[in-house]
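Let me begin by presenting the structure, written as structure tokens, before commenting on it.
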Amino acid sequence: MHHFQVRNGEMHCEGVPLRRIARATGTPVYVYSHATLSRHYRVFDEAFEGVRHIVCYSMKANSNGSVVRTFTDLGSGADIVSGGELARALAAGAPPDKIVYSGVGKKPWEIEEALRRGILMFNVESREELEAIDAVAARLRKRAPVSIRVNPDVDAKTHPYISTGLMKNKFGIRIEQAVKDYEWAAGRRHLDVVGVDCHIGSQLTEVSPFVDAARRVRRLVDRLIAKGIPIRIVDIGGGLGIRYHDELPPHPREYADAVADAFRGLPVTLVLEPGRALVGNAGILLTEVLYTKRIPSPGGRGKKCFFIVDAAMNDLARPSLYGSYHAILPVGKTPRGRVTADVVGPVCESGDFLARERIMPPYRPGDLLAVMSAGAYGFSMSSNYNTRPRAAEVMVSGSRFEVVRERETVRDLFRAERTASFLVRGRGAKR
Ligand SMILES: *Cc1c(COP(=O)(O)O)cnc(C)c1O
């Protein structure tokens, strides 16, 4: 469920016509619905009602301060993957004792900062990382709360780039090795073993891989407790899928029941790290058609259209990167008829497309389009490729909207650059 609806022939976000936002901020612009974000959080959180749990919003899906603040206001913690995200999480009001730190490549300064701030735990991905955290904690005379991210070797049946729970992935430690690492960690004075963690992938549309992973993690927890290692936290990661096209992902309740069931009877707090499920369908990317182009169809029959829009792969990388589907809908009245078209951006790559071979109305220059389900891994993966300033971000609540991140300026893009002194032909320079 989301709050992007057509009323009187005009698509609105909650009470605001998208056209009004486009006029005020220009395009491309990301638009987020506060009511949708809140609703998704509540539905997810309430699904785990009756189980001791902490929802740690996975910030890499969308790290805009107002988005994160929406969740922290509702009681959310944060799942972070860098020192940068730690700073953002704290700035957006995440309580340190609800922050979990994941990722395979934590640097010493990042570990130190997280330790000083007193986060809930580090999700550790290798023995060497355990040693690094132990060393930083010893230097600071602190005890670092750790859990080991185990690789349960289950197939998440999702896109290979976002599948993380297989033995061949770079993530986690295989369960047998993890037992040894837990025993080692339990004997270190500056490590406090608190939990077990796993995250098997993203955009999962079935519960069975979650159940498989949870059962393996449960067996591990039982073994560790039997060895006298008191596991208090089980972090089951994120990964719950959303509907982009015709997927039928499980309802959060179904997911919650399956996961909670696997840990019944254990005195643990569950940590959940949803990203996409909270933000994906709460945001769109608004773009304008710049030009249209018709070429003879490669198949020989009819014509193929290109709609060249002002958003590109640098703004929304998912179609280019994973071949992902995003519905593209008209914001206003549509011209009559149907054509087969690619929606492409201005970037100089043939891989720069937002949609391919879609049946859609014969749009004209100036038409506004809404690229749907762009709230997760949209802006947060955007780049400045082709020296394109990153889009503005807007949040809507009821009949109000506010810019929650200004569009970058061209000046912003090379502010940090320096012309090498030996290139500058200033006064007195040799020719
Ligand atoms: C990316 C990620 C998540 C969030 O994944 P979603 O599919 O967006 O829910 C959670 N935990 C970890 C460790 C991640 O890397």
With θ set to phi - 60°, apply the Karplus curve 6.51 cos²θ - 1.76 cosθ + 1.60 along the stretch 51-59 and write out the HN-Hα couplings as whole Hz, x wherever there is a Gly or Pro. 10, 5, 8, 10, 8, 10, 4, 7, 5
Please report Rg (one decimal) and Dmax (integer) in Å for the Cα set of the stretch 33-279. 16.8, 53
Non-local amide H neighbours of GLY103 (under 5 Å, H modeled in plane, Pro and chain starts lacking H): which ones? none
SER399 versus ARG301, label points 7 Å from Cα toward the beta carbon: distance in nm? 5.2 nm
To the nearest 10 degrees, how steeply does helix 208-226 sit against the main Cα axis of the chain, on a 0 to 90 scale? 20 degrees
For the stretch 291-423, count the residues as N, evaluate 2.2 N^0.38 Å, and divide the Cα radius of gyration by that value, please. 1.23
List the aspartates and glutamates whose Cα lies under 14 Å from the Cα of LYS303, skipping any in the same chain that are fewer than 8 positions away. ASP342, GLU357
³J(HN,Hα) across the stretch 82-88 via Karplus (A = 6.51, B = -1.76, C = 1.60, θ = phi - 60°), whole Hz, x for Gly/Pro? 6, x, x, 5, 4, 4, 4
Ellipticity estimate at 222 nm from DSSP helix runs (n ≥ 4, -39,500 (n - 2.57)) divided over the chain, nearest 500: -8000 deg cm²/dmol
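With the cut-off at 1.5 for a/c, could you classify the stretch 238-356 from its C-alpha gyration tensor as rounded, prolate or oblate? Don't skip to the answer; put the middle values down first.
Values: a/c = 2.94, a/b = 2.70, b/c = 1.09.
Cα axes put the stretch 238-356 in the prolate bin.
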Work out from phi, with θ = phi - 60° and the Karplus expression 6.51 cos²θ - 1.76 cosθ + 1.60, the ³J(HN,Hα) of each residue of the stretch 113-126, listed in order in whole Hz, and give x for Gly and Pro. 4, 5, 5, 4, 7, x, 6, 5, 6, 9, 8, 9, 10, 7
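Computed FRET efficiency, Cβ-Cβ of GLU349 and ARG39, R0 30 Å: what is it to the nearest 0.05? Working shown, then result.
Details: r = 37 Å, r/R0 = 1.22.
The calculated FRET efficiency here is 0.25.
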5 Å is the cut-off here: which amide hydrogens, built 1.01 Å from N in the peptide plane, fall below it relative to LYS304, excluding neighbours closer than 5 in sequence? ILE295, SER297
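Report the FRET efficiency, 1/(1 + (r/R0)^6), for ALA135 and ARG425, where r is their Cβ-Cβ distance and R0 is 51 Å, rounded to 0.05. Show your work: numbers first, answer last.
Details: r = 49 Å, r/R0 = 0.96.
In this case the efficiency is close to 0.55.
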Report the equivalent ellipsoid semi-axes for the stretch 362-431 in whole Å, largest first, defined as the square roots of five times the eigenvalues of the gyration tensor built from alpha carbon atoms. 39, 16, 12
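For the pair ARG174 and THR334, what calculated FRET efficiency results from E = 1/(1 + (r/R0)^6), where r is the Cβ-Cβ distance and R0 = 56 Å, to the nearest 0.05? The partial results should precede the final answer.
Numbers: r = 53 Å, r/R0 = 0.94.
Efficiency, from the Cβ-Cβ distance: 0.60.
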Can you list the lysines whose alpha carbon sits under 20 Å from that of LYS98, skipping same-chain ones fewer than 8 residues off? LYS60, LYS106, LYS142
Scattering curve values for the chain, log₁₀ I(q)/I(0), Debye with Cα scatterers, q = 0.08, 0.09, 0.10, 0.11 Å⁻¹: -0.50, -0.62, -0.75, -0.87
Contact order relative to length of the stretch 338-431, as percent, for alpha carbon pairs under 8 angstrom and 6 or more apart: 16 percent
Spin-label pair TRP109/LYS142, simplified geometry with 7 Å Cα→Cβ offset, distance in nm: 1.6 nm
Volume per residue (Å³) of the convex hull spanned by the alpha carbons of the stretch 103-249 is 108 Å³
How large are Rg and Dmax for the stretch 133-190 when calculated on the C-alpha trace, in angstrom? 14.6, 44
Can you grab the distance from the C-alpha centre of the stretch 262-315 to the C-alpha centre of the stretch 58-124, Å, no decimals? 25 Å
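Compute the relative contact order of the chain as a whole-number percentage, counting only Cα pairs closer than 8 Å that sit 6 or more residues apart in sequence.
Numbers: 967 pairs, mean separation 80.8, N = 431.
About 19 percent, as a whole number.
About the Cα centre of the stretch 33-279, how large is the charge dipole given +1 on each Lys and Arg Cβ and -1 on each Asp and Glu Cβ? Please answer in debye to the nearest 20.
Working: 35 positive and 32 negative charges, 125 e Å.
It works out to roughly 600 debye.
Multiply the residue gap between ARG52 and SER208 by 0.36 nm, knock off their C-alpha separation, and tell me the result in nm, one decimal place. Walk me through the intermediate numbers first.
Details: separation 156, 0.36 × 156 = 56.16 nm, distance 2.24 nm.
53.9 nm is the gain from fully extending ARG52 to SER208.
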With the crude spin-label approximation of a point 7 Å out along Cα→Cβ, what separation in nm comes out for ASN386 versus ASP412? 1.8 nm
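FYI, it's all coordinate maths here, none of it is from the lab. In this text, all values refer to a predicted model and were calculated from it rather than measured experimentally. Every residue, glycine among them, receives a Cβ derived from its backbone with ideal geometry; neighbour counts consider all protein chains shown.
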